[in-house]
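A short worksheet on the structure shown next.
The values are calculated or read from the model by the stated rules, or taken from the named source; none is laboratory data. Computed from a predicted model, the values in this text were never measured in an experiment. Here the Cβ positions follow ideal geometry from the backbone for every residue, glycine too, while neighbour counts run over all protein chains shown.
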Amino acid sequence: MDCIFCKIAAGEIPSKKVYEDDTVLAFYDIQPAAPVHILVIPKAHISGCCDVTAENSGIVAHIFEVIAKITADLGVTDYRVVSNNGTEAGQTVFHLHFHILGGRPLKGMC
Ligand code: 5GP
Ligand code: ZN
């Protein structure tokens, strides 16, 4: 499958890693929209929120634990977590990911 985040998870494309374990990877966004802009992904391919099921939703809970750990380690207390699903919502990479945005005051929702 030609998926850029699968390639990043496999180490085939370099990334600036923040956190990694057996199932999850976090790395800095290549085009940061805020001083802190980190992407957290499952290593296994899930196309987006629309593909979360009873069978794979455990990884989403784990990702939120990882988000809490990463932000605590970085000392970022105020942040936003975003996952875009579908082109009209702004999804450009069709591998489930959660943006962590912080480091400046965040306004509005879109
Ligand atoms: P989306 O638009 O799908 O919600 O978010 C995809 C994000 O992935 C964008 O913020 C974009 O900057 C980021 N991105 C796309 N390609 C790469 C890449 O090769 N490396 C990194 N670190 N981020 C990427
Ligand atoms: Zn993928």
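Condition check for residue 1 on (1) within 15 Å of ligand 1 (Cβ to nearest atom); (2) modelled with pLDDT under 95: one failure, at (1).
Results for (1) assigned to a loop (DSSP other than H, G, I, E, B); (2) at pLDDT 95 or above; (3) β-branched (Val, Ile, Thr), shown as yes or no for each residue.
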| site | (1), (2), (3) |
| --- | --- |
| 76 | yes, yes, yes |
| 81 | no, yes, yes |
| 96 | yes, yes, no |
| 109 | yes, no, no |
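Kindly check whether there is at least one residue in the stretch 84-94 that is among the aliphatic types (A, V, I, L, M), buried (at least 18 other Cβ atoms within 10 Å of the Cβ) and not in a loop (DSSP other than H, G, I, E, B). Checking the stretch 84-94: not a single residue is among the aliphatic types (A, V, I, L, M), buried (at least 18 other Cβ atoms within 10 Å of the Cβ) and not in a loop (DSSP other than H, G, I, E, B). Within the stretch 11-53, restricting attention to residues that are within 12 Å of ligand 2 (Cβ to nearest atom) and without any contact (Cβ under 8 Å) to a residue 12 or more places away in the chain, the residue that is surrounded by the fewest Cβ atoms within 10 Å (Cβ to Cβ) is 12. Checking each residue in the stretch 62-77 for being closer than 14 Å to residue 28 by Cβ and in contact with a Gly (Cβ under 9 Å, 6 or more places away or on another chain) picks out 71, 74, 76.
Taking each residue of the stretch 56-80 that is touching a residue at least 12 places away in the same chain (Cβ under 8 Å) and looking for partners that are among the basic types (Lys, Arg) and in a helix (DSSP H, G or I) with beta-carbon atoms closer than 6 Å, six or more apart or interchain, yields nothing. Within the stretch 12-49, the set of residues being within 13 Å of ligand 1 (Cβ to nearest atom), part of a loop (DSSP other than H, G, I, E, B) and of a type in the set (Gly, Ala, Ser) comprises 15, 33, 34, 47, 48. Apart from one condition, residue 8 fits all of (1) under 22 Å from residue 106 (Cβ atoms); (2) outside any loop (DSSP other than H, G, I, E, B); (3) within 14 Å of ligand 1 (Cβ to nearest atom); the exception is (1).
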